[in-house]
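The values are calculated or read from the model by the stated rules, or taken from the named source; none is laboratory data. A quick note: this is a predicted structure, and the numbers were derived from the prediction, not measured. Note that each Cβ is placed from the backbone with ideal geometry, even for glycine, and that neighbours are counted across all protein chains shown. Note: areas computed on protein heavy atoms with side chains; ligands, DNA, RNA excluded. Shrake-Rupley method; radii C 1.70, N 1.55, O 1.52, S 1.80 Å.
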Amino acid sequence: ETVKIIATDQWGNRSKEKIVKIKIDNSSKSIVKKLEKLEPNKINYNQIGSDKVAIVIGIEKYDKAPQATYAADDAKFFHEYARLAFGVPKENIKLLTDEKASRIDTLALLKKWLPAKINKNRTELIIFFAGHGLANTDSENNELYILPQNSDPDMLEESAISRSKFFKLILNLEPKKVTMFIDACYSGVSRDEETLLASARPIKLATEEDEVPEMFTVFSASSLNEISSGLKEAKHGIFSYFLMKGLEGKADSNKDKKITNGELLSYLKQNVSIKAAELGRKQNPSLSGNPDEILITYR
């Protein structure tokens, strides 16, 4: 557009005519909200407790399945949250990533390393797993499996570990309490929307998740038929990123220096679902356990 400008002062003096050309830019520009960095070293939580143990597993590079993008980094970061947020001593934290998280390595961890760390009815166990999960549609109840690094998705019974077996191995040790965080889905689709099975089709599950033992609290990244997504701008899984931000204090909705299971779930549901929607996906974290139970306290 062309605009003619003439200025007049209070005494009636007029300026010379000025012609100004104006270009109107109608293009839209989106404002991207920058995500905060994960800052485990800034948190001031529980004192170290000798009867606290953590297992942390993250698998990005699979031998026979698509990558679970950022899963190894999720685990490496959560290692620090296990220490600083939950008060687990360094010597009581076992971290397995990528090729160190094979089926044999994982079972050896559960059957050889963990029993020496558990004091019956006294030890609190924290478990974090980021990677692939899958349901066995050939079984009667669509049994759910956790995939170690060398698992073959087409041979689940032979190469993966069922959740029921995972639970049983821990139950046999009789810990006081178990809290699990699972950043994996069972739909047969990776974080980058690649199919895990040779049939190249996602799984639609009609079943509910398998029963969780009474002493267990289990946070799951998504519902059974949903994808657990990665978050490129954070270089973490969506669930893992907001889980750790929540443990930094973001999930403490009433600011009482305590975070309950329910508060963490509410924070996860709100933030994970929004970010997943931006990727055109549905992802709704879930909780199996008592929502009123205090997860962590901090100063």
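Miscellaneous remarks
- Selected residue [touching a His at 6+ places or on another chain (Cβ under 6 Å) and modelled with pLDDT of 95 or more] from L125, L147, L95, L109: L95
- Figure legend. Inter-residue proximity from the stretch 112-136: first residues within 25 Å of E99 (Cβ to Cβ) and among the hydroxyl-bearing types (S, T, Y), second residues assigned to a loop (DSSP other than H, G, I, E, B) and open to solvent by less than 50 Å² (accessible area, probe 1.4 Å), beta-carbon distance below 8 Å, spacing 6+ or different chains. No pairs are indicated.
- If you go through the stretch 261-299 and keep only what is without any contact (Cβ under 8 Å) to a residue 40 or more places away in the chain, of a type outside the set (A, V, I, L, M), within 15 Å of T179 (Cβ to Cβ) and open to solvent by 30 Å² or more (accessible area, probe 1.4 Å), you end up with P291, D292.
- Filter result for K37 (at pLDDT 90 or above and loosely packed, with under 10 Cβ neighbours inside 10 Å): yes
- Positions within the stretch 56-87 being touching a helix residue (DSSP H, G or I) at 6+ places or on another chain (Cβ under 8 Å) and without any contact (Cβ under 8 Å) to a residue 60 or more places away in the chain, in sequence order: A72, E80, R83, L84
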